[in-house]
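*Asks:* Here you go, one structure.
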Amino acid sequence: MSYINRSHKTKSVTMNLRNGDTRKQAGSNRLEVTVLSEDWRIPNQSVSMTVREAQALRNFLNQYLAE
């Protein structure tokens with residue numbers, strides 16, 4: 001498996017995917033989604049999950065957003 005380190009940015013969201021890490025440590029393959037705050041008083045909000053959890057989320061969204 002090759003190492004993947006990808007990012008995607010929109011106006012209000014940043015997504016980072018890290019997969020195929022050779023360290024084989026628990027939790028080293030992760031997806032992080034950060035919602036950028038436009039208010040200086042409120043920090044950016046982040047959600048971090050394993051690739052397996054991200055795949056479960058993708059399946060859920062594909063199933064219920066297609067309706």
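The values are calculated or read from the model by the stated rules, or taken from the named source; none is laboratory data. This one's a predicted model, so the numbers in the text were calculated from it and none came from an experiment. Here the Cβ positions follow ideal geometry from the backbone for every residue, glycine too, while neighbour counts run over all protein chains shown.
*Asks:* Being among the hydroxyl-bearing types (Ser, Thr, Tyr) and either over 10 Å from the mean Cα position of the chain (by Cα) or closer than 15 Å to residue 7 by Cα (or both) is the filter here, so list the residues in the stretch 31-61 that pass it. Give the steps one after another, and end with the answer.
*Replies:* Taking the stretch 31-61 first, the residues among the hydroxyl-bearing types (Ser, Thr, Tyr) are 34, 37, 46, 48, 50.
Result: 34, 37, 46, 48.
*Asks:* Which residue, of 12, 37, is touching a residue at least 24 places away in the same chain (Cβ under 8 Å) and of a type outside the set (Lys, Arg)?
*Replies:* Exactly one of 12, 37 is touching a residue at least 24 places away in the same chain (Cβ under 8 Å) and of a type outside the set (Lys, Arg), namely 12.
*Asks:* Output the residue which, of all residues in the stretch 15-30 that are modelled with pLDDT under 95 and within 9 Å of the chain's Cα centre (by Cα), is farthest from residue 4 (Cα to Cα).
*Replies:* The initial filter retains those residues of the stretch 15-30 that are modelled with pLDDT under 95, namely 17-30.
Cutting the leftovers down to within 9 Å of the chain's Cα centre (by Cα) gives us 17-18, 30.
Working: 17: 7, 18: 6, 30: 10 Å.
Result: 30.
*Asks:* Quick check on the stretch 2-14: of everything there that is more than 18 Å from residue 46 (Cβ to Cβ) and not in a strand (DSSP E or B), which residue is modelled with the highest pLDDT?
*Replies:* Here is the first cut: in the stretch 2-14, the ones more than 18 Å from residue 46 (Cβ to Cβ) are 2-4.
Then drop every residue that is not not in a strand (DSSP E or B), which leaves 2-3.
Values: 2: 76, 3: 82.
Per the criteria, the residue is 3.
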